[in-house]
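Read-outs throughout are calculated quantities, based only on the coordinates presented, and are distinct from any laboratory measurement. No experiment lies behind these values; they were computed from the predicted model shown. Cβ atoms come from the backbone with ideal geometry, glycine included; neighbour counts cover every protein chain shown.
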Amino acid sequence: MKCPHKAHIALVDGERFVLLRNDGQIFEPKLSKVAEPSLEPTNYSAGVKHQDKVSQMRGHTDLDELAHAAAATEWLNSKAIAGEMDDLVVIADPKTLGEMRRHYHKELESRLVGEIDKALTGEPLDRIEKALVAA
């Protein structure tokens with residue numbers, strides 16, 4: 001995947017949100033941590049379609065995780081609308097990424113250069129860089 005110089009990379013899962021930046025070249029990313037924003041998950045309507053009891057009992061749905069994904073997207077939306085980021089790559093596990101897509105603002109969508117549906121929030125930066133190159 002092409003990851004432009006100075007592009008932001010959002011690593012998101014159901015509990016953690018880390019913002020990175022590519023200080024390397026387009027095909028040779030060198031990532032550095034920019035922020036780990038503290039989010040207040042308040043959008044529990046995010047999981048409305050997941051509220052059936054059977055899914056919750058089997059552990060397939062966690063409304064807190066979905067609300068966290070919505071909160072991370074709202075944070076990214078605000079930065080994109082304010083013009084504080086140009087290019088963005090989102091890396092999230094498939095369930096989180098699916099929920100995030102439901103909340104993308106058009107301005108954020110216009111800045112999105114790629115998505116990777118993998119859980120990488122606990123991985124070291126060099127493994128994330130390799131995942132970017134391989135995508």
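Can you give the local net charge around L97? Use residues other than it whose beta-carbon is closer than 13 angstrom to its beta-carbon, Lys and Arg +1, Asp and Glu -1. My count for the surroundings of L97 gives -2.
Relative to the dominant Cα principal axis of the chain, helix 63-81 is inclined by about 40°. Quick check on the chain: take the gyration tensor over C-alpha atoms, sort the square-rooted eigenvalues as a ≥ b ≥ c, and tell me if it's rounded (a/c under 1.5), prolate or oblate. The shape class here is prolate.
Qualifying trypsin sites (Lys or Arg not before Pro) in segment 1-43, where qualification requires a DSSP coil assignment and no more than 15 other C-beta atoms within 10 Å, comprise K2, K6, R16, K30.
Give the relative contact order (percent, whole number) for the chain; include only Cα pairs under 8 Å separated by 6+ residues. Relative contact order comes out at 30 percent.
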